[in-house]
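Report on the structure given below.
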Amino acid sequence: NAHVDQGLYAQAKYRRVIDLKGQSIGSLNPGGLVDTMARRILIKHGLQPERDVNLLAMGGTPERFAALRAGAIAATMLSSPFNFLADKEGFSKLAATRDYVDVPGTAVVVSAEKMKKQPGTIKRFMRA
């Protein structure tokens, strides 16, 4: 992915981001990427995260999707494959992060030791 591809998904009765006012929204760790994206979306739609919604730090995407399914939260940020399941199960997709933030979604990381020991392999990988 050229960008972080997450969506803000909600219970079917919520059709717009502003409809989440006063509701609980599942997030990850405060200040992390998922939390920051959720906050940015909320702010763009006129909601103040600290005042207008209850952002709950509740774990990774599988845990947040389970909470959404169970009706324990009104909305949460979801990534693949859970965004596809949410679409299939009739949850409302209120926003896509790519419309709000420009954050790279994929990176390649290699240790300095591996680069020293296998420079040819690293070079071939990068060219492929």
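The values are calculated or read from the model by the stated rules, or taken from the named source; none is laboratory data. Note that this is a predicted model, so its numbers are computed, not measured. Cβ coordinates were reconstructed from backbone atoms using ideal geometry, including for glycine residues, and neighbour counts include every protein chain displayed. Each accessible area value is taken on the protein alone, full model and side chains, heavy atoms only, with ligands, DNA and RNA left out. Shrake-Rupley method; radii C 1.70, N 1.55, O 1.52, S 1.80 Å.
Just to be sure before I move on: is Arg98 outside any loop (DSSP other than H, G, I, E, B), touching a residue at least 60 places away in the same chain (Cβ under 8 Å) and surrounded by 15 or more Cβ atoms within 10 Å (Cβ to Cβ) in the structure I sent?
For Arg98, the condition - outside any loop (DSSP other than H, G, I, E, B), touching a residue at least 60 places away in the same chain (Cβ under 8 Å) and surrounded by 15 or more Cβ atoms within 10 Å (Cβ to Cβ) - is met.
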Go through Ala112, Ala128 for me and flag whichever is open to solvent by 80 Å² or more (accessible area, probe 1.4 Å) and either touching a helix residue (DSSP H, G or I) at 6+ places or on another chain (Cβ under 6 Å) or over 12 Å from Tyr9 (Cα atoms) (or both). Ala128
The correct count of residues that are open to solvent by 10 Å² or more (accessible area, probe 1.4 Å) and part of a loop (DSSP other than H, G, I, E, B) in the range 1-51 is 23
For Thr76, only one of the following conditions fails: (1) under 11 Å from Leu8 (Cβ atoms); (2) touching a Lys or Arg at 6+ places or on another chain (Cβ under 7 Å); (3) open to solvent by 50 Å² or more (accessible area, probe 1.4 Å). What is its number? (3)
For the range 106-125, check the following and say yes or no: at least one residue is within 29 Å of Lys21 (Cα to Cα), part of a helix (DSSP H, G or I) and either aromatic (Phe, Trp, Tyr) or under 13 Å from the mean Cα position of the chain (by Cα) (or both). no
